[in-house]
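Below you'll find the structure, written out as structure tokens, and then a few comments.
The values are calculated or read from the model by the stated rules, or taken from the named source; none is laboratory data. Predicted model, so just to flag it, every value in this text is computed and none were measured. So basically every Cβ, Gly included, is an ideal-geometry build from the backbone, and we count neighbours across all protein chains shown. The accessibility values were calculated without ligands, DNA or RNA, using every heavy atom of the protein model including side chains. Shrake-Rupley method; radii C 1.70, N 1.55, O 1.52, S 1.80 Å.
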Amino acid sequence: TVNVPHDTVVNNAGHSVVLYSYLFGVGAAEMMQTVPYLVGYPVDYYAVFDYNGIEAILKRMGNVKMTLSTMVRVLNTAEFADEIQDYLDRGEEVPDAYYEVFEPGTVTLNKDNLYKFWNYEPGGNAGDFTVKDEVCAAVFRSLTSCSSLGADGNGFLELMAYAAEAT
């Protein structure tokens with residue numbers, strides 16, 4: 001099994017594009033011509049997940065340990081939604097006290113904080129998939145190393161089908 005990062009660069013008609021952009025509009029047949037080339041061997045089965053698929057996996061598996069390579073700083077809307085909105089309505093900068101900060105290193109990823117990491121855009125850069133790739137890699141590693149799923153091939157395939165259905 002292999003996880004292919006979002007920001008892998010592929011050739012599209014002589015132009016270099018990131019994999020995420022390239023695969024966004026293609027069908028399964030075209031996808032299956034590209035991915036085996038990237039990983040270097042034939043692909044018998046594949047699964048593509050969006051946020052809903054990753055969330056479905058986390059709901060079934062529970063917590064996953066994830067390593068952040070960068071600090072993630074997000075507004076803490078769960079506790080301070082009204083206060084944050086007041087600052088935004090006035091066009092003022094939101095004070096640091098209203099942010100939740102995750103330092104680089106190991107953090108616990110679960111269905112409750114997935115949204116914070118999935119939608120994180122460092123410096124407002126929507127094209128930076130670093131943290132999103134770290135989420136995918138952590139969930140992928142957890143899936144492939146889960147002893148109960150490893151011993152039960154059908155359980156692994158059922159979880160993949162469940163997550164794909166949610167996507």
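Listing for the model above:
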| quantity | calculated |
| --- | --- |
| Residue within the range 51-73 that is of a type outside the set (A, V, I, L, M, F, W, C), open to solvent by 60 Å² or more (accessible area, probe 1.4 Å) and within 12 Å of the chain's Cα centre (by Cα) present | yes |
| The range 88-109 residues that are in contact (Cβ under 8 Å) with a residue 24 or more places away in the chain and at positive phi, paired with ones that are open to solvent by 50 Å² or more (accessible area, probe 1.4 Å) and aliphatic (A, V, I, L, M) (beta carbon under 7 Å, 6 or more apart) | none |
| Members of the range 12-27 that are hydrophobic (A, V, I, L, M, F, W, C), under 14 Å from Phe49 (Cα atoms) and open to solvent by 50 Å² or more (accessible area, probe 1.4 Å) | Phe24 |
| Filter result for the condition that a residue is out of contact with any helix residue (DSSP H, G or I) (no Cβ under 7 Å at 6 or more places or on another chain), under 30 Å from Ala161 (Cα atoms) and acidic (Asp, Glu), over Glu121, Glu79, Glu92, Glu55 | Glu121 |
| Cβ-Cβ under 6 Å pairs, at least 6 apart or on other chains, the range 43-61 side more than 14 Å from Thr144 (Cα to Cα), far side open to solvent by 50 Å² or more (accessible area, probe 1.4 Å) | Phe49/Thr167; Asp50/Thr167; Asn52/Thr167; Gly53/Thr167; Glu55/Lys111; Ala56/Tyr162; Lys59/Lys111 |
| Criterion violated by Asp128 - all others in (1) part of a loop (DSSP other than H, G, I, E, B); (2) more than 23 Å from Tyr51 (Cα to Cα); (3) of a type outside the set (Lys, Arg) satisfied | (2) |
| Residue in the range 3-16 that is in a helix (DSSP H, G or I) and either among the aliphatic types (A, V, I, L, M) or modelled with pLDDT of 95 or more (or both) present | no |
| Qualifying residues in the range 125-157 (those that are charged (D, E, K, R) and out of contact with any Leu (no Cβ under 9 Å at 6 or more places or on another chain)) - the one modelled with the lowest pLDDT | Asp152 |
| Matching residues in the range 82-136 - criterion: being aliphatic (A, V, I, L, M) and either surrounded by 15 or more Cβ atoms within 10 Å (Cβ to Cβ) or over 30 Å from Phe24 (Cα atoms) (or both) | Ile84, Leu88, Val94, Ala97, Val101, Val107, Leu109, Leu114, Val131, Val135 |
| Filter result (modelled with pLDDT of 90 or more, of a type in the set (A, V, I, L, M, F, W, C) and in a helix (DSSP H, G or I)) within the range 108-124 | Leu114, Phe117 |
